[in-house]
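Reviewing the structure listed below.
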Amino acid sequence: MTALVWLTRDLRAHDHPALRAALERRERVVPVFCFDDRLLRGRHVSGPRTQFMLECLADLDERLGGLVVFRQGSPERELPALARDANATEMHFSSDSGPFARKRIERVLRVMREAGVDCFAHPGLHAVDDLGGLCTQAGKPYTVFSPFHRRWLVASRREPLGRARSLGSLPSRVRKGRLPSLSDLGLRQEVDDPLPGGETAGRERLARFLRSGIDEYEDTHDALGGDKTSRLSPYLHFGCLSPREIEERLPTGKGANAFRRQLCWRDFYHHVLLHHPRNARSEFQDRYRGSISWSYAERRYEAWCEGRTGYPLVDAGMRQLRREGWMHNRARLVVGSFLTKDLGIDWRWGERWFMKLLIDGDEANNNGNWQWIASVGVDPQPAFRRIYNPARHQERFDPRGDYVRRYVPELRSVPTEHLAEPWTMPDEAQRACGCVIGLDYPEPIVDHREARREALERFRV
């Protein structure tokens, strides 16, 4: 009486509905993860994110007593073969909302049923289980966040589950397989200082945040210099933490309410992609689909990727991404606005670069946020509302320059009054602080005022 648990983005032992259901229904449970080249080498290939995932798998394997089975190949091929070796009659898995994930699940279910294996889908990747079932009074999916948020707050919730009990041992005919290294997968680490992966690290970070960060979250989460965000997004993406358990552990108060709202944003973009899979590759708004004259200026794009645009806050954000595989959310908005509005470059280029380096790179959330800041997605605000002045944002969210100086060392000695627009420093001041614009730090690659005017023209379609 054996059941398989197909692991995908649910790499934890706590509050795992699929794992718990398998343990309750069968005497022996075999958790399995398949290294699928269509994902590892697909259009969202990422060395940093894959390395984080490998650390998550190593941690989960240890938590489950070394019983996670690893297979190299597509799940359509590997899972039926494993079911035969294990004499398994059931398979449990977590539902997903992405278009590729849903198609892959359909293919797996077809071959498993042909092999005589019953398959059961379970929730666990979102705070609300029936994400697709949330709908407007007209019975349609939501495309605006505020009404979705109101509906989400009152949606039914399941009770979080505890940690899974011991799994016992693997069937004698089942070989465990080896957890590969990043180089084994033909990938390389491209960031210098990423967060460690795994449920253990995620739960420790959550505990610290609930102890010392949640109460002030509403007032401090946008402050770039202090970095008071939770940094839980990579652990949520890989399911090291259950969003339902996090929500249950939140205290009362405005800080907790603000953080709960962020969990809702995550569910919202998954809800949108679930109902509009075309968004994965094209604009949500029909009027902008194929009608905007995007720029494809490679040198400007490279300057943006490398953090040498001449705008300190933009460069700080992009260099944080290169260093950590993560970026403060306020900085993500500024660099996204700069790419799509100041440089006029196709938002898909930005989405692609983020998915290459972000350890929390999530198709639904990354796509939703890029379309939001590019003014082509579900956000109903006009384009001019999403044209951000990098200097003004720096003065507001990094007034002392702590964030900029942390990631752009050549600006560390620039006086604060000139830090947001260092090109305005008198020549004598530039020499005095050791930062000559055009030599030690680049001149702005575009004039923001002129770029704003061109962006407004671009969106008049």
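The values are calculated or read from the model by the stated rules, or taken from the named source; none is laboratory data. Predicted model, so just to flag it, every value in this text is computed and none were measured. Positions of Cβ are backbone-derived with ideal geometry, glycine not excepted, and every protein chain shown enters the neighbour counts. When the accessible area is computed, the model is the full protein with side chains, heavy atoms only, and any ligands, DNA or RNA have been set aside. Shrake-Rupley method; radii C 1.70, N 1.55, O 1.52, S 1.80 Å.
Summed over the stretch 434-450, residues that are surrounded by fewer than 18 Cβ atoms within 10 Å (Cβ to Cβ) and in a helix (DSSP H, G or I) total 2. Against the numbered list (1) open to solvent by 30 Å² or more (accessible area, probe 1.4 Å); (2) assigned to a helix (DSSP H, G or I), GLN430 comes up short only at (1).
Select, from GLY361, GLY377, GLY344, GLY350, the only residue that is surrounded by fewer than 23 Cβ atoms within 10 Å (Cβ to Cβ), under 23 Å from the mean Cα position of the chain (by Cα) and among the small types (Gly, Ala, Ser).
Working: GLY377 fails: surrounded by fewer than 23 Cβ atoms within 10 Å (Cβ to Cβ); GLY344 fails: under 23 Å from the mean Cα position of the chain (by Cα); GLY350 fails: surrounded by fewer than 23 Cβ atoms within 10 Å (Cβ to Cβ).
On inspection, the qualifying residue turns out to be GLY361.
Can you tell which of LEU167, LEU134, LEU153, LEU195 is aliphatic (A, V, I, L, M) and closer than 30 Å to ALA83 by Cβ? Before you say what the answer is, go through the steps one by one.
Numbers: LEU134 fails: closer than 30 Å to ALA83 by Cβ; LEU153 fails: closer than 30 Å to ALA83 by Cβ; LEU195 fails: closer than 30 Å to ALA83 by Cβ.
Exactly one residue qualifies, and that residue is LEU167.
Kindly provide the set of residues from the stretch 176-225 that are open to solvent by 50 Å² or more (accessible area, probe 1.4 Å) and without any contact (Cβ under 8 Å) to a residue 12 or more places away in the chain, ordered by number. Matches in the stretch 176-225: SER183, ASP184, GLU204, ARG208, ARG211, SER212. Applying the condition of being open to solvent by 20 Å² or more (accessible area, probe 1.4 Å) and assigned to a strand (DSSP E or B) to the stretch 75-118 and asking which residue is farthest from ARG26 (Cα to Cα) yields ASP118.
In the stretch 35-55, what residues are touching a helix residue (DSSP H, G or I) at 6+ places or on another chain (Cβ under 7 Å) and open to solvent by less than 20 Å² (accessible area, probe 1.4 Å)? Within the stretch 35-55, ASP36, LEU40, SER46, PRO48, THR50, PHE52 qualify.
All conditions but one from (1) modelled with pLDDT of 95 or more; (2) in a helix (DSSP H, G or I) apply to PHE384; the one that does not is (1).
Filtered by the rule that a residue be under 16 Å from the mean Cα position of the chain (by Cα), open to solvent by 50 Å² or more (accessible area, probe 1.4 Å) and over 22 Å from LEU339 (Cβ atoms), the stretch 262-318 gives a lone residue, GLN262.
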